[in-house]
Structures are given as structure tokens and as C-alpha cells.
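One structure is given here, and the rest of the page talks about it.
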Amino acid sequence: MNEYADLLIIGAGPAGMSAALAAAPSGARIVVLDDNPLPGGQIWRDGPNAHLPAQARRLRERLEACHSIHRHPATRVIASPGAQQLLVENDERGWLIRYDKLILCTGARELLLPFPGWTLPGVTGAGGLQALIKGGVPVHGQRVVIAGSGPLLLASAATAKQHGAQVLRIAEQASSQAVAGFAAQLPRWPGKLLQSFSLFDRHYRTATHVLAALGTDRVEGVRVQQHGKVVEMACDRLACGFGLIPNIQLAQALGCAIAGQAIAVDAWQASSRADHYAAGECTGFGGSELALVEGAIAGYAAVGNQDAARHLWPRRARWQGFAKALNHAFALDPRLTSLAQPDTLVCRCEDVPYSALVGHADWRSAKLASRCGMGACQGRVCGGAVQQLFGWQPSAPRPPFSPARLETLMSLDDTPPA
Ligand SMILES: Cc1cc2nc3c(=O)[nH]c(=O)nc-3n(C[C@H](O)[C@H](O)[C@H](O)COP(=O)(O)OP(=O)(O)OC[C@H]3O[C@@H](n4cnc5c(N)ncnc54)[C@H](O)[C@@H]3O)c2cc1C
């Protein structure tokens, strides 16, 4: 059966939860949809080995207690068949949700850059390793190397150590000056300063980046460049994340303007499309505190409570300052885009090597010639990589946005035009 929402929120991470709770007192019928089974997004991902902080548990309880908020967990967006409506699907059925206002809180995903050996079993993203561990994958006694850039490396290392892994190296590509400059600013955000003490690890090295994962059937070691010297070490797992890229595919499909790599929003978190808002990391990377306050602003603004939204602008500015410092300190060294060799796979779904992409003018041309980005992940992994490697802007996705059942797709034929 089809459904109506005064306010539809896509994504139940910090931004989506906060948006729903801000909008709830208005009495609007709010629908929150997320492709994960439980709310929390990336930072508060649940699982058999996850330990949710009190803040996440409280938000979840408030969400559940609120009768005007209707949650659809484990639900994917399949298509946008007309104005102000989305076709969605869960494990049991597909249905249409019509909405008056929409807030996109689709978060971000890890940037994975190709390097020799990166497709070997045992090589994952840094956040990917964390998600696997929370989901129950055992790492006890395993030797782990974590590489790439940004604070997620330390968060991932902390999770691995809590579950008995031996973290041999945390290789941060940023220079020691950049990291020290960032650390010097942390007293402006005392909570973050405290967090940095708890995450500190003696195996952290700056100006260090991965060159290759070594092994035949699975990863057996890693070659890194550390302060200009090439070092090899044996390991059982290598987790590499080069920062985050906003999830903008749905926004692109809905016709919202994109600025750089993120959804463009104004002071009310409104996108370029009327009645469509965006909050959290789909509008740029800034951490959960920024996502929470942006979500609240979007939630208030969407239900017409502009005063409450405006009241939060100073708090947002404070966390935007943090985001700016973070993004400046951990900007990627351009040398990281030349790690791939001619035979290194860039698109692992369609087995497309780097050499097959060189010389194309844009992603469309490369796609047509090589099928890059046309496999199961629909460019979610290689799209970010080719943008970094070649500067190609990924095009808007075409429906179905996720693999869908035939019955769901057939219901599109019954959809009356908007
Ligand atoms: C893999 C990973 C691990 C991270 N771990 C940490 C950490 O340990 N500590 C930390 O401080 N920060 C971490 N971060 C950063 C963290 O993402 C943010 O600080 C915070 O979670 C952002 O909140 P958000 O609400 O903007 O997005 P998210 O938390 O990313 O929430 C977005 C939600 O929307 C869902 N979604 C997206 N698109 C759709 C769609 N089309 N249909 C349905 N649902 C959709 C996603 O599944 C997700 O549940 C991590 C990021 C990533 C990518």
C-alpha cells in the first residue's frame, strides 16, 4: 500500500535522527527511511560487537517514543518516478511514498583509492574494517595495518584493538606539520581534544602512505612509504581509507545542485530544489556534531519553525570551523593518485584496469568503452576513485538506484503521473 509523508527523511544517521526529532513537535507525519536495520548511521552502526554510546541510545529511544515518526528500517530507495514521490523497497514489498517535504541525510562513504594489491582478500576500507568488526567478524590476535587519512584511521584502530587485534601501524598520509597544526587547534573543541587523547596510539606515523598490499591468495604484508623510506611489514589485514565522500547520488537523481562533491545547501539547509533539504555529511564532511546540528536546522526549517532553526546557526558555525580545520589538515597529497599501476584494477566489479581508463575525456566515455562503474556497486566505489584520479564528475544515477525485485519495478507502470 502506498504511503504519504508530510516530511520524508532519507537516512537515520545522526543528521536524520536529529532532523526527525526537531520536526516532530510540529505534529507533521514524519517518515524516516534507512537501508540499515537500526538507526545510527555510520558512527553508531549497530551489530553483535557494537557498543553504542549513551547519546546514540538516547536519540534512538526518543525516536521510538515519538508517535508522529514512522520508521522504515532496511529500506532502499529504488526510483523517483515523479515529482515529490519515491519508490522504495524492503525485504517484503515495494511501495510508493509521496511527500510534501524531503530531507536528504544520506551521509558519506569512504574514499578508496586503487593501489597494487588492493583487491586481495583481507584488504578493506578503514571504516569498512570497523563495520566488519562491529558486525561480528573476529580479529583477535590478527596483525592489522591501517592506512590512508583522517581521524577515522584512529577510530578504526581503537575498535580493532578493543577486539583483540594487534595494530602494527597507523599510516597517515598528512605531514606532521599538518597534523600538529590541527592538534594545536583542538582546544577550541574541548570534547574533541579529550577524544584525541583517548584515541592516541604509539604506532601512528605521519607522512606515511601505502604503496602496495603484498600476497598471493590474500594479504600477507604491506609496503608503505614512511618519511621517504620504503618499509615492508607482514600483516593479516590491511585497512585503507582516504577520507570520506558525500553520498549525493539520490540528490543528483532528484535534480538538486551539487557544489564540489557535496549537495549545495543554503543557511536553512535547503537545496536548490524547492521543499528539498539536505543535512549531515551528504553536504560535506564535518563529523557527527555538525551532522546533528545541521539535521536539527533542516528539521525545524522544513516544518516552518525558522526561529528555532536560526537559533542553531552559531552552533553550526562552531562545528563548521572544526570541519574546515579537519579538511585542511587531512587534504590528500596528489601523489596518492599515482599509486595505481597499468594493471591495477580500478573498477573491481567489472575488472577494469587503470590502463583501460587512461586517455578518456570523461567518465561517460570511459564507461562506454570499458564498463567502468557499471557493475554491482554502480560506481559507488570506483566513482570516487576516478574522480580523484582523473577529475571526472560522476553522472546522476539512473533507476533502479539499487538492485530491486521485478514486482517493485512493475509497480512503476501503475504509478499515476504527478
Ligand atoms: C564507514 C564509516 C565509518 C565511520 N566511523 C566513524 C567513527 O567511528 N567515528 C566518527 O566520529 N565518525 C565516523 N564516521 C564519520 C561519520 O559518518 C559521521 O561523523 C556521522 O555518522 C555522519 O552522520 P550523517 O547522519 O551525516 O551520516 P551517516 O551516519 O552516514 O548516516 C547516513 C545513513 O543514511 C543511509 N542511507 C544513505 N543513502 C540511503 C538511501 N539511498 N536509502 C536509504 N538509506 C540511505 C545510510 O545507510 C546511513 O545509515 C564514519 C564514516 C564512515 C563512512
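The values are calculated or read from the model by the stated rules, or taken from the named source; none is laboratory data. Worth saying up front: this structure is predicted, and the values here are computed from it rather than measured. Reconstructed Cβ throughout: ideal geometry from the backbone, glycine too, with neighbour counts over all protein chains shown. For the accessible areas, the whole protein counts, side chains as well, though only heavy atoms, and no ligand, DNA or RNA atoms are used. Shrake-Rupley method; radii C 1.70, N 1.55, O 1.52, S 1.80 Å.
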Going by the alpha-carbon gyration tensor, a ≥ b ≥ c the square roots of its eigenvalues, is the range 272-418 rounded (a/c under 1.5) or, if a/c is not under 1.5, prolate (a/b greater than b/c) versus oblate? oblate
Those helices of the chain passing the 18 Å axial Cα length cut-off and the mean Kyte-Doolittle cut-off of -1.0 (DSSP H runs only) are 288-302
Can you give the percent of C-alpha pairs in the range 37-119 whose distance is more than 17 Å? 65 percent
Debye, to nearest 20: dipole size of the chain, +1 on Lys, Arg Cβ, -1 on Asp, Glu Cβ: 1060 debye
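Please give the length that would be gained between Ser196 and Ser68 if that part of the chain were fully extended, namely 0.36 nm times their separation in residues minus their C-alpha to C-alpha distance (nm, one decimal).
42.3 nm
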May I ask for the equivalent-ellipsoid semi-axes of the range 340-390, computed as the square root of five times each C-alpha gyration tensor eigenvalue and listed largest first in whole Å? 14, 12, 10
List the cysteines in the chain whose Cβ has no other cysteine Cβ under 4.7 Å from it. Cys66, Cys105, Cys235, Cys240, Cys256, Cys282, Cys349, Cys377
Counting every Cα pair in the chain, what percent are over 33 Å apart? 34 percent
Can you give the translational diffusion coefficient of the range 98-203 in µm²/s, computed by Stokes-Einstein from the Kirkwood radius over Cα pairs at 10 °C and 1.306 mPa s? 101 µm²/s
Just how much of Thr206 is accessible, in Å², when a 1.4 Å probe is used and the result is rounded to the nearest 10? 20 Å²
Can you tell me how much longer the chain between Val231 and Glu407 gets when fully stretched, taken as 0.36 nm per residue apart minus their C-alpha distance, in nm with one decimal? 58.0 nm
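Nearest 0.05, what FRET efficiency do Arg398 and Asp351 give at R0 = 22 Å with Cβ-Cβ as r?
It comes to 0.50.
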Can you pull out the trypsin sites (Lys or Arg not before Pro) in the range 1-107 whose DSSP state is coil and whose Cβ has at most 13 other Cβ atoms within 10 Å? Arg93
Residue order for Met233, Met1 - accessible surface, 1.4 angstrom probe, largest first: Met1, Met233
At a Cα cut-off below 22 Å, give the lysines reachable from Lys192, other chains included and same-chain residues fewer than 8 away excluded. Lys161, Lys324
For Gln252 and Gln55, FRET efficiency with R0 = 30 Å and r from the beta-carbon atoms, rounded to 0.05? 0.40
